[in-house]
Each structure stands twice: as structure tokens, then as C-alpha cells.
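Report on one structure; see the data block that follows.
The values are calculated or read from the model by the stated rules, or taken from the named source; none is laboratory data. Predicted, not measured: the structure shown is a model, and the values here were computed from it. Here the Cβ positions follow ideal geometry from the backbone for every residue, glycine too, while neighbour counts run over all protein chains shown. For the accessible areas, the whole protein counts, side chains as well, though only heavy atoms, and no ligand, DNA or RNA atoms are used. Shrake-Rupley method; radii C 1.70, N 1.55, O 1.52, S 1.80 Å.
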Number of protein chains: 2
Amino acid sequence: MEAVIWKRPCVLALKSCGPFATCGSRGTFGFRNGGRAPQRTFILRVINSTGSGAVVARPSSARKYKKSEGVDRKLAALRQLFHKPGLQMDAYIIPSQDPHQSEFIAECFMRRAFISGFTGSAGTAVVTKDKASLWTDGRYFLQAENQLGPDWMLMRAGTPGVPTVSEWLTDVLSPGSKVGIDPFLFSSDAAEELKHTLSTKDHKLIYVYDGNLVDEIWKEDRPKPPAAPVRVHDIKYAGLDVSSKISSLRQNLVEAGATSIVISMLDEIAWLLNLRGNDVAHSPVAYAYLIVELDLTTLFIDPSKITPEVTVHLRNSNVTVKPYESLLLEVERLANCGAKLWLDMSCTNVAIVDAFHSACNKYFENLPKRSKQKSIKERNKLLNAKSIDSEMEGPLAIHKASPVAIAKAIKNGAELDGMRQAHLRDAAALAEFWTWLETKVVQDKTTFTEVEVADKLLEFRSKQAGFLDTSFDTISGSGANGAIIHYRAEPDTCDIVDDKKLYLLDSGGQYVDGTTDVTRTVHLGEPSSREMECFTRVLQGHIALDQAIFPENTPGFVLDVLARSSLWKIGLDYRHGTGHGVGASLNVHEGPQGISYRYENMTGLQEGMIVSNEPGYYEDRSFGIRIENLVIVRDMETPNRFGGNSYLGFERLTFVPIQSKLLDLSLMSPAEIEWLNNYHSEVWEKVSPLVQGDVHEWLWKNTRPVPVHSTA
Amino acid sequence: MEAVIWKRPCVLALKSCGPFATCGSRGTFGFRNGGRAPQRTFILRVINSTGSGAVVARPSSARKYKKSEGVDRKLAALRQLFHKPGLQMDAYIIPSQDPHQSEFIAECFMRRAFISGFTGSAGTAVVTKDKASLWTDGRYFLQAENQLGPDWMLMRAGTPGVPTVSEWLTDVLSPGSKVGIDPFLFSSDAAEELKHTLSTKDHKLIYVYDGNLVDEIWKEDRPKPPAAPVRVHDIKYAGLDVSSKISSLRQNLVEAGATSIVISMLDEIAWLLNLRGNDVAHSPVAYAYLIVELDLTTLFIDPSKITPEVTVHLRNSNVTVKPYESLLLEVERLANCGAKLWLDMSCTNVAIVDAFHSACNKYFENLPKRSKQKSIKERNKLLNAKSIDSEMEGPLAIHKASPVAIAKAIKNGAELDGMRQAHLRDAAALAEFWTWLETKVVQDKTTFTEVEVADKLLEFRSKQAGFLDTSFDTISGSGANGAIIHYRAEPDTCDIVDDKKLYLLDSGGQYVDGTTDVTRTVHLGEPSSREMECFTRVLQGHIALDQAIFPENTPGFVLDVLARSSLWKIGLDYRHGTGHGVGASLNVHEGPQGISYRYENMTGLQEGMIVSNEPGYYEDRSFGIRIENLVIVRDMETPNRFGGNSYLGFERLTFVPIQSKLLDLSLMSPAEIEWLNNYHSEVWEKVSPLVQGDVHEWLWKNTRPVPVHSTA
């Protein structure tokens, strides 16, 4: 099985790359359309599903890369398709998306890598009749230079003077050109924005429905779509049965005047149906769509993925199964039946939206003339309405953020318990790992490559009960590599982990009961005073956020400054957000909440949400520091409740020692030192029962209190 | 001379009254249109100008209030005017604005108080053929009940179920009604919003140009417009001559493709022309408009205000003077000459905007037909353009925030020096005042009314060199009155200041060289532990903000959380912003920057700006606490400059002791105690040379360090 690095790019986001824009760190989240869809910022590995349903995690060292060949022939073949009957296109855009705006995608959707040869995680390829350009951001300039063939032009997104995809297209095409896209790979919002920009030069955006053009060249070499079986997510972890979840969703529909909704985000479907899949690495989801009507729930999925157990589960939940490919037909049927269809334009692909709108148009065209006039007028008035009168005649699209995102973000008791349990086992695995690493490097004077260390970590995690997969590709960065926020160690080129440098390790696991994501930075030798000052300030930011108490519904960005203040004091900062949502045995990145300098995400923090707390500092060509815990948003039961508000705070989920020797205690206040000592005492209390022998000893040593000095 | 309480209401803002909305504290600022125009939140006193040019500050005890009479007759008279030839109106809205969206307004503009009898600072009166309603917010419900006659309906804005002005109008009027306003009293933005809402029920908003209808009833009793002489603001305080300021402004015009601009904010005119006026209390401004063209600067002002000295000053600065009333004619002339006119729609009244647009229409109508077609098409395309091609034929309105606001907000060296000097003298006056109060109350066991204490404070301030006026009406709140954020003590009803209660004093002075604004809260007896905990937490917030260091251009709202965190820890908060801009010997409230939970104000903090730092806590019917200093935004010269940014922090301007006995030191960190001790040592160092005898002794006692304990 071949694996490649991949990343879901957002074509239109490429223009905002640069300091404090989308190309921040893995912790950075951009939410398009008011906090709806998480925008990928993480390096990911996508594996072609084995179809066996087995655990798919495998060591990084098992991966191989092939240098792309024959790019020219591919380009020529693609351009030939521009002239297919009925097409007559002047350009074709190949993004990195799958049809579900997923963070991690299956190999069969890696069309941009296939056509361009560039395997970096972020990028958009655009091919015109005589030009081929690839946009990527600063992290990948070097890799793209190496991988792109001579016919490709590298567009260094975020560099002054470099046009965006649509700017470039409007510039190089003669006015009135046709630009093609695969409508399944663009959200409706993204397609609309692209269409709008292109229209300023009278270019036309056309949706190429009958097959992706790259697939026509890829032919039989194209990996098969993943077909891993889905499994039932046990009610003891899910906490709420499918009927209850669907029932709440129907309540949302009724309140919005809708009669049905299309759900296309894979984690939303998995959460709603208490199902988990195995179609992509890191995310326990399956490729599917879901339509929920007021009296019907239909899952669109490859039927071969449905095991007998799942069949029973779905039948008990009154969920009908139809083939994945039949979705558009069903959407058209909804229009014909006069459905008021709720569509989240930020994550629903434009093929679906377009199918519904076209079917609506047909519906009204086929009406008797007098009735038609009235209905079309009414419909036009309300097509974008936020809430509508469901008595209104005829079908209607209701453009609104999916209500499932927020329902999923607010975890129930069982989900929180599962997360707590998974984090304890994960903490035990990490204690074993750190004991191993410290012993080998410090005592045995052995060194390992960054990839070897990451593989060893996976080994320890894999031994834990309920372990399924890593929750993302481990970031194992030694010395200067730690400063590359999206660093991904490769077997052939990576650095060694030794006692000379800071070592940053950001990793996580998928367990049957929960999802983890933790970063620690350590020095196995003698850290410099600069490294210690920076580490201390990062920890101070981490503590300040951890200790925050705030009124319910405070948007996450309000708290972001708490994590930065200590760094700002000496003129330092980090170019990524401070926290992202995390799913319960689901995606390691989920919306809509976040803690970031992206001030437009007004989603308020609510009890039961989970966020990461991960400030960092990165010194170019020198070292990187990040300290990350996951926390649960909890009612703090404050002695007062000014304004009738609950005041919320955080319960820690992650229990992994923070290396005290990296701290400059003279910079810390007594309260901060107290926090550290309390945290370590909690780590000892919770994790020591799960480990033995030298690991037990290591944990003891690494959770001892540091002295509180008398002045800050 | 009669004085009334007044406040500039925003008709449309009334709908957002409630927790965390416009009706916050005096420190709360809302900036309409992206941080442009400061929205009034302060109680103010407006006096009818004496025309003598003398200092107009006078003790609060000198003010008297008349109970309104004959409201019915006034309403009847107003309704008669609805049928004036050419009008045929169904309703008339009487806001509290002057034509310049000023915070403090002249008595002749107090039309809402005249017509309704309600003298509260915020309110909008609406009169229809058979109804009369007055909107005000929670602060004034009681006062309005007392003052409104039987024909008036009180609309308790912010209370659930109470409609907004436009909701009510659309409801009570029969469809297609005509609603009249005085177009000089509504900003273009406000008028447009009103027009839009009314249009949903086919009502029409009409601009009544030929005189305000209330004035027609007020007749000769209406106070004369103020006619106080203006004076030159010495270059040693202004720092920059008028020609340089105008020249920078012209550069802004050229960059935006504009050829002229109308400035209508009085403080912008005062700042640009280095002039100060005496037309309203608290703000050293004069009623005027200014038009700056690329080669001409015209001041529209009552010529009787121009002294020989000012005549010379204006001549040297190439500023022409025209009568105040001739502005609209000049605006029309600009259209006729094909001007590209920069208009800030958030603060320019709709009379001006409408005059220009109408004249533009005439211009194009009078063009030969072929040329007309093209120009109108081009013009329509660009009417709202942000920057335009100045070669384009014909006049054009460029709707854009005035560039003067930000230029004025960033103080130059001379302005900052003036502010520092004024603050030292103000601090000396306050030291004298607090010595007096403490001696009288604690030693002599005397008590005073809140008004008497405020008057005494004015007496001390008046003795300082360069003192001109209070910068706003002193908030002198004892005990429970301190919890009324906009409290204004009245001689007949106010409480006493004694040694039994907390006492909140928020006051400021206008000096020739600067403007001050300072709040201290003290207890002259034994504070309760509750009061001490709250005071300590307010101070902790004050310290956290004071000590903040942040990248240049950080929006102020990012820092707001720092001032609230300590209160949030125990579930407390305050319903006002934390900081507002302050003018240099100008308005005590100015934009565009602010520090607030109003997350929409994206104005970045820049070196040279001045803001207040004033967290508070208010316990209903019990006590109020606020601690306010003014600070200058300064480059902190941090050892690092991550991202190439300057890192900014604050230099304190205010040097008045903070009452240590109100502190629960056990809650404070060593660093916080150190801050307090350093601050007091700075106060002693700077202010002690300016005071003698018992004041010197009081200052010594009140600036002694408190002990730093060993744990936080």
C-alpha cells in the first residue's frame, strides 16, 4: 500500500497565505462561513483502504515515495479532454478536495498530486491550454520545486506579487473563456466565490459533471474508492441513541421551516448514526451522504461496507440505505416533492446544491402558468431565507449552517467519560514512550531518527486497549525541524533525536472511546537559557489559558490573548491559533469552536465542548516549542453568576508530564509554579496506577513538585 | 443660566439596549461604521453659552431644573405643522442630536427635552397624528415616568417586547405613511437604515429641510445658538501647524482619488485648524463645518466667533471663512464643479449628503444627452467606490471614514507632553481634594452631599494653571449610587459622602495643554470584605491591562479580557467597555480606538494613541467600583520583534494614589503588589513637588509601599 502526504487545500484560501493567515500551524483553524467547516492545516497521510477493515495505522518508515514521471504526457492528455463534445473548456482547476470537504482524504481523490507530481499537503493545480500552474504555500516551495516537471509553473502563494488562482485565470485567459471544475470537489460557497471573480472578466465557470477529467487519464491506475466496513460505535461511548439524535435534528428542521437536510460532512454522519468507518487514515469515518427528512432517514453509502451488525443497527434506527452514487437522484426527488431542503453552503459540494436548484427550476417550469408566476415570485424572495414558512408551495433551498456541527461539538456524559478514559491509557503509553526515549538517549547514549522515534511511539500506543489508529501524522521535530510548524519527518531525510537539541513531539491516538492530541517539548541534554526562557513563556501562556474562567458563550478568540501575553512581553509570538475542537472518537480537528486570533469565529464556548490548549514558539532554523493539552469546557460553579451567566473553565484531559528542567523558575509566579505542581500531582495520581517498573519510576521523578520561590 | 442633563441618543441604537449593549457605562463606546464615530455613553451637562468666552465650568449646585409644562399644547402645535403646505406628514421623529453628531450639544439643540419634557441624557421622541412615544433605556425609566406628560407613552428600550422606533412606526402607521425627520440631525448611515426599515411597510422617510418643526413651536424661547469666540490652540501644545495637517489630509484625498472632503465632527475641525471653541460644556469646540479641497480650505462658522487673533491665524494657514449657514450652497457648488467629494456617512448628516447627491443628479441631467449616458453609467458604478480614478468625468461621492479621526488619535510629541503636564497638575488638584475630603470626613466627622463634594473638586481643579472646564459631568456616587454607572448627583436628591460607604468619583478636566479623566474609589471608614475582594479584583484587571505588551495594530478588544479575568474568576463582570480614546485638550471621548467587548471595532492600537484603562464592578443597590487611569500607547522596545512588529505597551498619564486599605493583599500576586508599589512611588516622585503641607503629608502616606507577601 502506498502512502502519500496530503492536505485538503482550499483554492480560495491560498490567497490569504502569509503571516497570520491560513498557512499557520496545525493548531490553526480557519472556519469558512462563520465557524462551520474546519479548514485543514494539518499534515496528513491518506492510505488507500485495504478493504479489510483492519486497523490501518502503520509506521512512518513503511512509507515510500515515487518520483513522478511523465507529467508532460498527463498534461497533454488532460488538454485533449478540454475539447470533449459539449465541453470546449479553456482551463481546468484541480483542487485537493474530496466531495466531503474532509481533512483526511482517500487516495483515489488525490488527483492534484497525480496530475502535477507535487505531493505536498496543500496545493491547487490549474491547467490552461498552454499553461500549467501549481499554487502552494511557503512550507512547500522547496518540495514543489523538486517535484514539479518543467511544464509546471510554481505559484508561491502568499509571496508579494503572486496572483491568486482566480486573479491568474482572469489575467491569462482571453475574456469570455470557460473554466471547468469538478462540482463535487468545490463547496457551494467556494464555487460561488470563484464564479463571481471569474465573471469580472466575463469568464464562465462550468461544472463538469460526467466524470473528473483527471480520472479519465488516471484510468485503471487510479486507486479504488475505499470500501472498508463500517462498525457500530457502542452506545456506551456514544451516550445517545441514533433515534434521539435524529429526533433533535428533526426539531431543528421544523424550527427552521425545513423538511429535509443533506449532511455531507463525514464526521457529522458518523456522529449522527453512531457509526465509525475506516475509509481514510486518522479519521474513523466512511464515505457517505445522509438525507434526513421529517419521516425518513437515508444513508447513501457503498452497500458492501454495511456488515450484518450495522444492518441491524440501522434498521433499529429506521435508517434506509441507498447506494452512494444515487444521492443526486434523491436530491432531485426532494425538489420534485416540494421539499424545503436545508443546505450548508460552506461544506455541501456545488454538485448537490446545483442539482437541487436545477430540479427546483424544473418544478416551477412544469407548473400550470398562473400558479407558476406566484410560486416563482415567492420562491425567489425566500430562496436565501434564514427561516421560512413551511406552508409555502413548492420546493425551497434553505441556506444555513448545519445544526449537527454544534450538536456534535457539545459532548454528552458518555462521550466525555470515553475521552477521559482514552486519555488515561494514552498517557500511560506516553509515559512508557518517554521512559524508553530518555533511557536510550540519556543513559545508553543512543540516537534515533525522528521517524524511528515516531514509530516507537506508535508501538507503545498500539499496545493500549481500544487503540485504532493515530489521530494524525505524528510531528516528530528535532532541533530546527521543530520550528517547522507542519513538519513531517521522512525516513531518508530526517534528523536525529539526541541530547543536543530540543525535541518537539505532537501526536495523538484514535481509540474506541476517544481521540487524543498531545504535544510535549523536551531537551534530553542541557537546554540553553534562550530555550528555557521561551519554553517557560510558552508554559505560562498554556497555564493562563488553562486557568481561564469566562462567561458562557464567550467566543474562543477572546481567550487567545491569554496564551500569548507572556511571549508578547518580550516581543515573541506564534503564527497559529491556540486551540481547536476535537471529536469524541472522531476527527482530531472539528468545529465550530476554536481559540484563535481569527476574530470572525463568533462561536461561543459552551459546557461540554472540547478544545486544545497549545501555545508555542518557533525560532527559525533553531528550535520549536509547543505544549498541548486537551481540555473540556466545564461550568466552574463560581460563587457569583453576574448577568445570570454560568462561568466556564477547563477540565484537563491530558496527563503527561511537562519537563521541569526546561523551566526558568525565576520567571514564574508562585501561582504558576503551584499550577505546575498541582498538574504533576494529578498526573501521578491518575497515571501511576497504569504503569509499572521503570516507567513508574520515571513518572514519579517527572511529577515531583518544583520549589515555589518567594518573589515573582 | 440654566443647565440640563443631556445625552446624544442614537435612534437606532436604542434597539440594542440591554446587557452588554449600548447602554453600558460611561467607559463604553460603540463605534458606528467600523470605529468611526464615538457613540455617546456619558452623562453630560450642556450649558447655554454666555457668549463671553469666559470659562464656563460651574458648580453642579448652581443648576436648577424646571418641571416641564404644557406638553399637550406643544404636541398639538407640532401636529398642526404636519399639515404645512407641501409636507402632509404622518409622524415626526425628534432625536437628541446636533448637526455634528456631537457628544455634548448646545442648549438650542435640546429639542427632544423641550417637546417631551424628559430631560434624561438618552431618548428619542416620536410623534404621530394621535400618539406620542418616548424611547429611553433602563437608566431613565423612573425619570421619564416622572417627567413625561399624560399624552406620552414611555417605551422602555431593551425590555423584552418593546419595539424599536422603526418597528413601532411601521406598526402604528397605516401602510404608505410619511415619516418626517430633520435631515441635519441624522447621520447619512442612520437615515439610510431608518429609510430601509420603514420601506418594508411602504412608508416613506421625508427630510424636512425648511426648519426644524420643534423650533417653530419653541419660537423665541429657543436659546440662541452659542456664539462664544474661538481661540488659537498654541502650536506649543498642538505640535503641528495647520498647513502641515491640511497638507497630510490633502495627501489622503489624492490617494483616495478625492478632490475635496466635508468635515463635520467638531473635534476634527478643532484639531485640524489648531482652534479651540467654547460653544458647549466640556468640549473645547465650536460649531462649524470645514471643506478641504486640493487648493482651498473653507471654514463655515458664525463670523462673530472669529477674533482678530484667529483671523490672522486662519489667514496664515490659508483658511477662508464663510458663514455656517452657507455650507449646503458650497456643497452644491462642489458638485457643479465636478468634485470627487469624500463623505463619511457615519457622521455626516444626511442634509449634506443629500445636497451633494441631488446636485450631482442635476449635473448629469444638464449634460448633453450622449455624454450624460456614459457619465451616469460610470458614476453609478463608482458612487460607493472606495477609491476611484480622479480623471473620471463629473462629480462623485466617495463614501469613506474620515481620515482625520485616526490622524487626531495618534498624538504627536507636543500633544503627549501637554497631556503629561496637564495630568501632573490635575494630580496635584486631586491630591488636594482627597486630603480635604479625608480630613473633613475622617477627622472632622463632617459629611457632604455628593454634589458638594463634586463642587469642591471643581474648586481645587479651577486653581490649577491652564484649567478651562471639567471634561465631563463629574460622577460622584456614594454607596449604592456608585453602582449606577451613569449616575449623576442632583442637589435635591443626592446621597451623602461619609465614612460608611464606598465612594466612587469619576471626573476630569480640560486644560490648555491637555484633557484628563480619572476615577478612584475609596472607603473613608471600614470597608467590608466583599467590597475589598471586589476592589482588589478590579485593580488586578487594571494592572493586567496596564502591564500588557502586544504587537502593534492589535485591535483594542483583544486586550479587554485582561481587565476582566480576575473578576470572571469569581463570576463577576462589568457591563461597560474598558477603555476609550481621549483627545489632547479636546473631547474626553474620541475614536476610533477603544478597548471593549465590542469585537467589531478592528481599529489597531498604534503608538501615540491615548486610551483609558477603567475596569469596574457594580453591585446593584450596594456599591460601585471603578479604577481609571489614562495611558499612552508606546513602543516597548522589546528584546525581540517577532514578525517584524513593534511591541507596544502603555505609559501611565494619571498619578493619583489608589487606596491600599481597600485591598485584600492575600489575593494579589507579588508582581501585582510590586506594580502597586512602583506606581505609588512614581506618584510620589512626580506629584509631591507640586503640593505642600498636609497635602504633601497625605500624598506621602498614601504612596507608601505595601508589604509583598510570600505566596499568591
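Condition check ((1) β-branched (V, I, T); (2) assigned by the TED database to the domain that holds A:V404; (3) under 20 Å from A:Q510 (Cβ atoms)) across all residues:
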residue: A:H203; (1), (2), (3): no, no, no
residue: A:K245; (1), (2), (3): no, yes, no
residue: A:L275; (1), (2), (3): no, yes, yes
residue: A:D279; (1), (2), (3): no, yes, yes
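Scanning for something facing chain A (nearest Cβ under 10 Å), more than 20 Å from B:D455 (Cβ to Cβ) and out of contact with any strand residue (DSSP E or B) (no Cβ under 7 Å at 6 or more places or on another chain), does the range B:512-527 turn up at least one residue?
So in the range B:512-527, the residues facing chain A (nearest Cβ under 10 Å) come out as none.
Within the range B:512-527 (the criterion being facing chain A (nearest Cβ under 10 Å), more than 20 Å from B:D455 (Cβ to Cβ) and out of contact with any strand residue (DSSP E or B) (no Cβ under 7 Å at 6 or more places or on another chain)), the answer is no, since none of the residues qualifies.
Could you tell me whether the range B:102-111 includes any residue that is acidic (D, E) and touching a Pro at 6+ places or on another chain (Cβ under 8 Å)? Spell out how you get there, then give the answer.
Residues of the range B:102-111 that are acidic (D, E), as a first pass: B:103, B:107.
Filter again for touching a Pro at 6+ places or on another chain (Cβ under 8 Å), leaving B:103, B:107.
Taking every residue of the range B:102-111 in turn, at least one turns out to be acidic (D, E) and touching a Pro at 6+ places or on another chain (Cβ under 8 Å).
Restricting to the range A:558-575, and then to whatever is at pLDDT 95 or above and open to solvent by 10 Å² or more (accessible area, probe 1.4 Å), can you tell me which residue is farthest from the other protein chains (Cβ to nearest Cβ)?
Per the stated criteria, the residue is A:S566.
When the residues of the range B:560-593 are filtered to those that are in contact with a Gly (Cβ under 8 Å, 6 or more places away or on another chain) and of a type in the set (A, V, I, L, M), which remaining residue is farthest from B:H423 (Cα to Cα)?
Among those that are in contact with a Gly (Cβ under 8 Å, 6 or more places away or on another chain) and of a type in the set (A, V, I, L, M), it is B:L567.
Considering only strands (runs of 3 or more DSSP E) fully contained in the range A:576-654, which possess at least 2 residues that are within 13 Å of chain B (Cβ to nearest Cβ), at pLDDT 95 or above and more than 26 Å from A:M265 (Cα to Cα)?
Here the list reads A:616-619, A:647-652.
Just to confirm my filter: which strands (runs of 3 or more DSSP E) fall fully inside the range B:431-536 and include at least 1 residues that are open to solvent by less than 10 Å² (accessible area, probe 1.4 Å) and in contact with a Lys or Arg (Cβ under 7 Å, 6 or more places away or on another chain)?
Of the strands (runs of 3 or more DSSP E) lying wholly inside the range B:431-536, those with at least 1 residues that are open to solvent by less than 10 Å² (accessible area, probe 1.4 Å) and in contact with a Lys or Arg (Cβ under 7 Å, 6 or more places away or on another chain) span B:475-478, B:502-507, B:509-511, B:518-523.
Restricting attention to the range B:148-163, which residues are among the small types (G, A, S) and open to solvent by 50 Å² or more (accessible area, probe 1.4 Å)?
Listed by number, the list holds a single entry, B:G161.
With the structure loaded, tell me whether B:R73 is of a type in the set (K, R), in a helix (DSSP H, G or I), open to solvent by 10 Å² or more (accessible area, probe 1.4 Å) and modelled with pLDDT under 90 or whether it fails that test.
no
This table checks each residue for (1) more than 26 Å from the chain's Cα centre (by Cα); (2) crowded, with 19+ Cβ neighbours inside 10 Å.
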| residue | (1), (2) |
| --- | --- |
| A:E107 | no, yes |
| A:V127 | yes, yes |
| A:Y140 | no, yes |
| A:S174 | yes, no |
| A:H203 | yes, yes |
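Just need a number here: residues in the range A:673-712 that are open to solvent by less than 60 Å² (accessible area, probe 1.4 Å), β-branched (V, I, T) and in contact with a helix residue (DSSP H, G or I) (Cβ under 6 Å, 6 or more places away or on another chain).
Final tally of qualifying residues: 5.
Could you count how many residues in the range A:660-672 are away from chain B (no Cβ under 12 Å) and either touching a Gly at 6+ places or on another chain (Cβ under 7 Å) or crowded, with 19+ Cβ neighbours inside 10 Å (or both)?
Of the residues in the range A:660-672, 2 are away from chain B (no Cβ under 12 Å) and either touching a Gly at 6+ places or on another chain (Cβ under 7 Å) or crowded, with 19+ Cβ neighbours inside 10 Å (or both).
Among the residues of the range B:234-263, which ones are in a loop (DSSP other than H, G, I, E, B), touching a helix residue (DSSP H, G or I) at 6+ places or on another chain (Cβ under 7 Å) and open to solvent by less than 50 Å² (accessible area, probe 1.4 Å)? Reasoning before the result, please.
So in the range B:234-263, the residues in a loop (DSSP other than H, G, I, E, B) come out as B:234, B:239-241, B:257-259.
Now narrow it down to the ones that are touching a helix residue (DSSP H, G or I) at 6+ places or on another chain (Cβ under 7 Å): B:239, B:241, B:259.
Residues satisfying the conditions are B:G239, B:T259.
Give the range B:657-685 a look and list any residue that's in a helix (DSSP H, G or I), in contact (Cβ under 8 Å) with a residue 24 or more places away in the chain and of a type outside the set (A, V, I, L, M), or say none.
B:S660, B:K661, B:S666, B:P670, B:E672, B:E674, B:W675, B:N677, B:Y679, B:H680, B:S681, B:E682
Determine whether A:E103 is charged (D, E, K, R), open to solvent by 50 Å² or more (accessible area, probe 1.4 Å) and modelled with pLDDT under 95.
No: the conditions fail for A:E103.
Inside the range B:198-219, can you point out the residues that are in contact (Cβ under 8 Å) with a residue 12 or more places away in the chain, touching a strand residue (DSSP E or B) at 6+ places or on another chain (Cβ under 9 Å) and part of a helix (DSSP H, G or I)?
Initial filter on the range B:198-219 (in contact (Cβ under 8 Å) with a residue 12 or more places away in the chain): B:198, B:200-209, B:212-218.
With the extra rule that they be touching a strand residue (DSSP E or B) at 6+ places or on another chain (Cβ under 9 Å), the set shrinks to B:198, B:203-208, B:212-214.
Residues satisfying the conditions are B:L198, B:L213, B:V214.
Open to solvent by less than 10 Å² (accessible area, probe 1.4 Å), modelled with pLDDT of 95 or more and out of contact with any strand residue (DSSP E or B) (no Cβ under 6 Å at 6 or more places or on another chain): does that describe A:L424?
no
Give A:T170, A:T159, A:T124 a once-over and let me know the one that is of a type in the set (V, I, T) and modelled with pLDDT of 95 or more.
Exactly one of A:T170, A:T159, A:T124 is of a type in the set (V, I, T) and modelled with pLDDT of 95 or more, namely A:T124.
What number of residues within the range A:555-573 are in a loop (DSSP other than H, G, I, E, B) and within 19 Å of A:L630 (Cβ to Cβ)?
Narrowing the range A:555-573 to residues in a loop (DSSP other than H, G, I, E, B): A:556, A:569-573.
When the remaining residues are screened for being within 19 Å of A:L630 (Cβ to Cβ), the result is A:556.
Qualifying residue count, the range A:555-573: 1.
Consider B:A548 carefully, then state whether it is within 12 Å of chain A (Cβ to nearest Cβ), assigned to a helix (DSSP H, G or I) and of a type outside the set (V, I, T).
Spelling it out, it is not the case that B:A548 is within 12 Å of chain A (Cβ to nearest Cβ), assigned to a helix (DSSP H, G or I) and of a type outside the set (V, I, T).
Does A:L545 meet the test of being out of contact with any helix residue (DSSP H, G or I) (no Cβ under 7 Å at 6 or more places or on another chain) and among the aliphatic types (A, V, I, L, M)?
Taking the combined requirement at face value, the residue does not satisfy it.
If I ask for residues that are crowded, with 24+ Cβ neighbours inside 10 Å and of a type in the set (A, V, I, L, M), which ones from the range B:587-603 would you list?
Within the range B:587-603, B:V588, B:I595 qualify.
If I go through the range A:312-348 residue by residue, how many of them are β-branched (V, I, T), assigned to a helix (DSSP H, G or I) and exposed (fewer than 13 other Cβ atoms within 10 Å of the Cβ)?
Count: 1.
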